[in-house]
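The values are calculated or read from the model by the stated rules, or taken from the named source; none is laboratory data. The structure displayed is predicted, hence computed values, not measured ones. Because the Cβ atoms are built from the backbone with ideal geometry, glycine has one as well, and the counts that use them run over all protein chains shown.
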Amino acid sequence: MTDILSSHIGWSRSPMPGASQQQKQQQDQQQQNFQKNTRRALPRLKNDISPQSTSRKVTLFRNGDRYFAGKQTAIVPQNYSNLGQLLQELSTTIDLPYGVRRLFTPNRGSEVTDVSVIKDGASYVCASFEPFQKLEYTSIAVPRLTFNIEQRKLLLYILN
């Protein structure tokens, strides 16, 4: 009966009649060591950053859009356990009607199947369900409309 009460109240048990004082001290020391080791964290080194944990800056294009000059974004491959998660994140970055479902390389149009093959500084083409459309994505420039003063005056005169 005293064992049940002592376990609930937290009193220490009396040593067993056959146990020596040395065995009791060893048990106490083992229990203290266990409690100390459970909270210990591994030391972290300042230069313990792997090269894979750095972000990779890529330029993304929309499939078949010759007027979209591309959008630069940073991708950390360790943040995504599979390609589906990356494509879901890219859907918030690149505006496509059905979201980003496929990722291609702009030169050959080969489909990216794994997050780990994405390279820093590379360009990629985002598509929904349609096949890759070959364009010169890396040389797309947004056309600028420039008017000189005489053309503006003429345009305003015609519109009025």
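Go through the residues of region 47-61 one by one and say whether even a single one is at pLDDT 80 or above and in contact with a Cys (Cβ under 8 Å, 6 or more places away or on another chain). Yes. I'm trying to understand the selection: among the residues of region 57-116, which are in contact with a Lys or Arg (Cβ under 8 Å, 6 or more places away or on another chain) and over 23 Å from L135 (Cα atoms)? Within region 57-116, A74, I75, V76, P77 qualify. The set of residues in region 70-98 being small (G, A, S), assigned to a loop (DSSP other than H, G, I, E, B) and surrounded by 15 or more Cβ atoms within 10 Å (Cβ to Cβ) consists of G70 alone.
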